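Read the structure below first, then the notes.
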Amino acid sequence: MKKQNTETAETISGRRNFLNWIWACLGVAAVAEILWAAVSFLRPQASEIPRQNSDPRVTAGPVNAFGIGTVTAFPRGRFYLTRLEDGGFLALSRKCTHLGCTIPWIGEEKSFICPCHASMFDIRGAVVHSPASRALDHFPVSIENGIVRVDTRRSIKRSGFSKEQVVYPDRQPRQTRKTI
Ligand code: FES
């Protein structure tokens, strides 16, 4: 009888240990799941991760595709490619220098007119009307073998327009890195 009681006690103890082990496993699984959910939430989505190997230079096209005095929008690169009366190119940021609204080109007015507070810029990006006080930023342009390319990695700030900012098809680009 005593032996039977001892076996019963051992069996109960064994079951308790087994149940404790199951609970421990479930606890570990729950903690792992919570951690995984937290990491998934905090990790940036694939579309948010900058593509390290993608070429930030936008191929705009052949020089002759852009008529004199035209403005061509490149929404993917967030810039306008303008061809000035003297044949030179400028790549202008679409961002208004007042408070950053996206600025459209208004063909009839031959101007960029901001829909937010009505700042106006000419085809070179120079301020015509405030409240913006600074010309539109521009991006480095290069022309190789008659193909116009724009480097969208960084925009160049400037206070106003100057001839050095323009890139011509028959010359090497003279890009300046400093704020003008
Ligand atoms: S954001 Fe363009 S004028 Fe204010």
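Restricting to region 107-128, give me the number of residues that are farther than 20 Å from Gly160 by Cβ and surrounded by 13 or more Cβ atoms within 10 Å (Cβ to Cβ).
Residues that pass the stated criteria total 1.
For region 83-94, which residues satisfy the criterion of being assigned to a strand (DSSP E or B) and more than 16 Å from the ligand (Cβ to nearest atom)? Give the steps one after another, and end with the answer.
Within region 83-94, the subset assigned to a strand (DSSP E or B) is 83, 89-93.
Passing the criteria: Arg83, Phe89, Leu90, Ala91.
Give the residue that is farthest from the chain's Cα centre (by Cα), with candidates limited to residues of region 95-109 that are more than 11 Å from the ligand (Cβ to nearest atom) and touching a residue at least 24 places away in the same chain (Cβ under 8 Å).
Restricting to residues being more than 11 Å from the ligand (Cβ to nearest atom) and touching a residue at least 24 places away in the same chain (Cβ under 8 Å), the top hit is Gly107.
What are the residues in region 138-169 that are crowded, with 17+ Cβ neighbours inside 10 Å, in contact with a Pro (Cβ under 8 Å, 6 or more places away or on another chain) and in a loop (DSSP other than H, G, I, E, B), if any?
Pro140, Thr152
If I go through region 109-135 residue by residue, how many of them are in a strand (DSSP E or B) and of a type in the set (A, V, I, L, M, F, W, C)? Before the answer, list the steps.
Filtering region 109-135 for residues in a strand (DSSP E or B) gives 111-113, 120-121, 127-129.
Filter once more, keeping what is of a type in the set (A, V, I, L, M, F, W, C): 112-113, 120-121, 127-128.
Counting residues in region 109-135 that are in a strand (DSSP E or B) and of a type in the set (A, V, I, L, M, F, W, C) gives 6.
If the requirement is being modelled with pLDDT under 95 and either closer than 23 Å to Thr59 by Cα or in contact with a strand residue (DSSP E or B) (Cβ under 7 Å, 6 or more places away or on another chain) (or both), which of these qualifies: Gly160, Gly88, Gly77?
Values: Gly160 fails: either closer than 23 Å to Thr59 by Cα or in contact with a strand residue (DSSP E or B) (Cβ under 7 Å, 6 or more places away or on another chain) (or both); Gly88 fails: modelled with pLDDT under 95.
The match here is Gly77.
The values are calculated or read from the model by the stated rules, or taken from the named source; none is laboratory data. All values derive from a computational prediction rather than experimental measurement. No Cβ is skipped: glycine too gets one built from the backbone with ideal geometry, and neighbour counts run over all protein chains shown.
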